Every structure is written in C-alpha cells, then in structure tokens.
1. Once label points are set 7 Å from the Cα along Cα→Cβ at both B:Glu12 and A:Asn91, what is their separation, rounded to one decimal in nm?
2. Efficiency by 1/(1 + (r/R0)^6): what FRET value for B:Leu465 and B:Ser322, r their Cβ-Cβ distance, R0 = 56 Å, to the nearest 0.05?
3. Could you give me the ³J(HN,Hα) list for segment B:245-259, computed from phi with Karplus coefficients 6.51, -1.76, 1.60 and θ = phi - 60°, whole Hz, x at Gly and Pro?
4. Tell me, what is the percent relative contact order of segment B:206-286, built from C-alpha pairs under 8 Å that lie six or more residues apart?
5. Set the Förster radius R0 to 30 Å, insert the Cβ-Cβ distance between B:Glu39 and B:Asp488 as r into 1/(1 + (r/R0)^6), and round the FRET efficiency to 0.05.
6. If I stretch the segment between B:Gln166 and B:Leu95 completely, what's the gain in nm (0.36 nm per residue apart, minus their alpha carbon distance), one decimal?
7. Report the charge-dipole magnitude of the protein assembly as shown in Debye, nearest 20, computed about the Cα centre from +1 at each Lys and Arg Cβ and -1 at each Asp and Glu Cβ.
8. At a Förster radius of 45 Å, what calculated FRET efficiency corresponds to the Cβ-Cβ distance of B:Glu354 and B:Asn71, to the nearest 0.05?
Amino acid sequence: MTPDQLKYSSEHEWVFVDENGVGLVGISQHAADSLGDVVFVDLPVVGDSVDQFGKMGEIESVKAFSELFSPVGGEVLEVNSILADAPDLVNESPYEKGWMIKVKVNDATEIENLMTLAEYEDYVLESESN
Amino acid sequence: MTSPLLSQLQQESRKLLMDRSVEGRVGATLPDLDVPECELPSTDLIRDDLPLPEVSEGEIVRYFTQISQYNFSIDNNFYPLGSCTMKYNPKLNDLIASMPGFSNIHPLQNDATVQGALQVVWEVQEYLTEITGMAGTCLTPMAGADGELAGMLMARAYHLDRGEDQRKVVLIPDSAHGTNPASAVMAGFTVKTLPSDNEGNTDLDALRESVGENLAGLMITLPSTLGLFDRNILDVTRIVRDAGGIVYGDGANLNALLGRVKMGDLGFDVIHSNLHKTFSTPHGGGGPGAGPVIAGPRLVDYLPSSLVCREEDGGEVRFKQSTPEKSIGRMGAFQGNFGVLARAFTYIRSLGGEGIRSISDDAVINANYILEKLKGSFDLPYERVCMHEVVFSARNLKNNCGVSALDVAKRLIDYGVHPPTMYFPLIVEEALMVEPTETESLETLNTFIDIMRTISEEAHSNPELLHEAPHFTPNSRLDEARAARYPDLRWRPSHGDSE
C-alpha cells in the first residue's frame, strides 16, 4: 500500500477500499509520528459495526492517549490482532503491518467525504501552522 | 555469582501470599470458647470462592515487609520527578499531625471542642492568602485538580452573576498542566489552546487574537511546565482582564515563587496550591493531597464552603466555620484532608518567613545547577535560565543512537534514582523533566549529574544496555499500558482448580 492510494480523514485515519467494497483502515504516518512510541491499541471486535467518523477504538503512546475514529462505516470483518502484542508496528509500518481493521463498507459514497493524499498533506501543514 | 539455589530462592521470594500457604498452618491462637456454642447460619451464605492463606505470623510479616521494600520513595533516594516536587518531607510534620488533639478528633464534634484544630485551619488559610498575595483561601479541595475545578466553577458563577453567560471559552497555553483543560471542561467551558513562542513564553499575538466577548478566562501554569517563568505574564493577565476574563493560576509549581513573587500582584484572580507539593506533605502513593483554592478580590465571595473565621468577643477568641456569601458550595467534606493541613501548618511555622523564601532560592539554584552541568550531554530545548525544574530533550540520543527518553529513564533505575517525568510537556520531543527540589544536597546533585553523563556515554557506546534496562530490579521492562488497562489485582488459583 502506498500513501497516495489511500483516503484520509481529518482525524488522521486512512482507508483503502478494494474492489469488493472492503476498507482497510489504519492511522497516518503523521499521526504515528506525532503520537510517538505507541504502547497500546484497543480495537473493536469482528462483527461490531462502526459509523463513519464514529469511535472505533483507542490508542495510547508514551505521550498521550487518543481515540480512534473509523474513516468509513460498516461491519468489522477483521482486526489486526498482532497489534495487541506488537503495538509498535503502528510506528514502524503505519500503512502495511500497522493496519487496524477491515470494514465491509456500507455506503461507498462515504469515501467522497475523505481527503486525497495531497489534500491531507495540505491539511496537516495548515493545522501545524495554526 | 549465581547458582541453581540462588535462582530457586529468587523465584520463591516472588511467590504471592496464597502460594506460600501450607494447609493447617495458623497465624493466631484463639482462646477457648467460653460462650454457648450455636449453629452457623445456612452454609449457603458462606463464600468458599475466596480461600484464605494459611501462614504463620512471622511469614506474613516478612512477606509484607519484603514487598514494601520493592517500593521507591523520597525516603529511599533522589526522586527528581519533574512537576511533582518530590522533596523531602520533614518527620516533624508527621509528629505534629499525629498528636491526639489532631488525629483523634471527629469532624462532627462541636466546634467548641476542636478550637485548636480550627485555629490551624484558619492560620493555614491566612498564610496561603499572605504568601500568594490574594484575598481569601478555602482549604477543602482534596487535591490539585479539585482546586482547579473549584476555581473554574467560581469563574463560571462570577460570569453568570454578571449576566454574561456567553463567556464560554477558556484559553490554555500549550505549556500548562494536563489537568487544566479537563477542569475547564468539567466546569462547563470549551477550551482553546494557545501556542508558546519560541522562547517558551505565551504568544501574545495569539492571545490578543483569541480574546473577545466569549472569553471566560485563561488558565496558566506559572512557572510553566517547561520550568520557565513566563516573561510576558503581566501582559497576559492584563489582556485577559481587559477583555473581561478571569485569570486562573495553576500553583502546582509554587515552590519556585515562594517569598519572591505574589501571584496576586501579577493579576491572578484565582489560583490553587498543592500543599502536598509545595508545603511538603507526603505524596506519590495516590494521596491524600490537598489543593486549596485561593481567590483575589473579584472571586473571594465565591469560595467553596466552609471557611474558618476568627471572631473576637470581649477579649475571647473563637474560631467558627462559615460559608461565603455567593459560595459555589462544597468541594470536599468538612475541612478537607485535615492531616495534610496540619503538616503544611507545621512546615510553614517551622520555616518562618526567611525559611519560606529560601525554598524558592534553593529550588531554582538546584535546577539551574543541573541545567548547566548537563546541557552538554542532553539537548536543552530552551536556552534560558530555568526556575525550579529543567526540561531536557533526548532527541539527539534518539536520532544518533536509537536511545529514547524512556531508555534513559529505565537506566536511571539501575543507578538507584527515580526516573524524571518523561514525554511531558508534550511540546518537547523526547522530554525529560527534572525537578531536583530544594531539599537535595550538592553531593546528591553531583552524583545525579555523574549518572546522567554516564548514561549519555553508555547511549553512544552500548545502546543495548539502555534498551534492556533496568537490569537490577525484580522485574525489568513492564507492559505499563496493559497493566493500567487490565490490572491484575487478585490472586487466582494458577491451574483453575476452583472457579
């Protein structure tokens, strides 16, 4: 997965929706870097349903505790259970090994509410200068 | 050198009490039954899921003494935990607080029978009001955050009284204590973060842009969590007050200002003081603390209840409990954590005015000594004279050697020193926040400096040593995040033979 294939939310989560309408969700490199060393990730369980921009879990780093929000709504099909024992994968590989959940996307048009990589980069720059 | 027997003993020493149980062993001898025997109530009411350990008195005393020795406290060694002011607490404080007239009284006793205790409360109120240059003090908030909430509820009551219920926004600099935003939100406000300028002061342009008729006030920690005195503070308080806002001061770092700066003179409307930090009462084990709220003229009528007042009638002095006219109500039961107040009273009285002033002198000198001696080994994000604490950054060690602030902190444990506060304030990367406090000797500071320099050298020569630290504790790296979320506080049979 390369960052330019993904769509981003203002809460710094990304999603990649495949041809079967399954969205792979994680957090951006920027989010991982600003959190610092991640020490804990709490994710939903398979079968849960999540709303677009609704809470999907929690993440804790040596610095801070934050909530995770799903960039798309739908049923959780799979959870990256390795993160329970190796939360540092979120720092090492936020777009590959550090993925968080797979979601059966309910409404494909929700993707239109998200940002492209270029838009997201502008958004990050803008929020940092504020 | 280790041996099979040593390893075995080491394992046995870590057994929990239940695993030390031997069937039939007892720790107490009951006297003969000298009353008529009767049937127990239905056995359905008796739990059998919680077996008791069968151990002798000697075994149980050793067990608890041994585990108490795993603990680290200010009575063990140096404890430079930034922002927490882990200074030595004189034992005289405890002696006075445990006098029967203080420790054996009940809060529901008639005031006439506890005049001495009420006098202590009144005097502490007066001392804090004088030391901070404010107008009145309520001692009942139970800890710092409770004092913050009290102050913000007072600010809200003040605005509502004036018919200004649109004042909803509280500004909080990014160098403030983490509890400040939570207190403001709990009091019904919304929070806007103010950036610091590149010298660590409040950014005045950002402040000017943020004040308006929605401004409820500002919460500022002085000195800030960067250990810096905000050089713009007079402008900050003026801008906020001119815009109709209340200025809240987080007094958690008050030991840097004692006898030198009065918060009231700087334009603060309300502050809190952590007695368990500045006024030397034990803390670090979860309390009890005390976070008195101290108000200036604009907010003094809104103080929580109850206060103690002194009345003189025909030469007879009496101390009475009273409630301020527009009080926000109670923040804690009775007179708060009275034992903490008695300790703070003892501390203030035994030091006197000159002694109080020497606290801030020594706290600031000690921190600056460490700053000067260690700035070659660790990054200093702000090249300035600091106050009572100094914030270093381990970012160069992280970039050059792969050694993080956490690794440095863990290695300090091997040298017998409590780690400093880490990763806070959030605006400093790989922060290590060192507060030596005023009670440490030059020798202790020099030892700490040697240790920190050695760790910095180890980071370059043998980073693995730091990654794997601590080496000499019963447990090494713990999964602290998981321990906090899923605490395992109860013994359970290891092989599921019950439940």
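Read the figures in this text as sums done on the coordinates, not as results from a lab. It should be emphasised that the depicted structure is a prediction, and the values quoted were computed from it without experimental measurement. Cβ: placed from backbone, ideal geometry, glycine included. Neighbour counts: every protein chain shown.
1. 4.1 nm
2. 0.35
3. The phi angles translate into x, 9, 9, 9, x, 7, x, 4, 9, 4, 4, 7, 10, 3, x Hz.
4. In percent, rounded to a whole number, it is 29.
5. After rounding to 0.05, the efficiency reads 0.20.
6. This chain segment gains 20.5 nm when fully extended.
7. 1920 debye
8. 0.80
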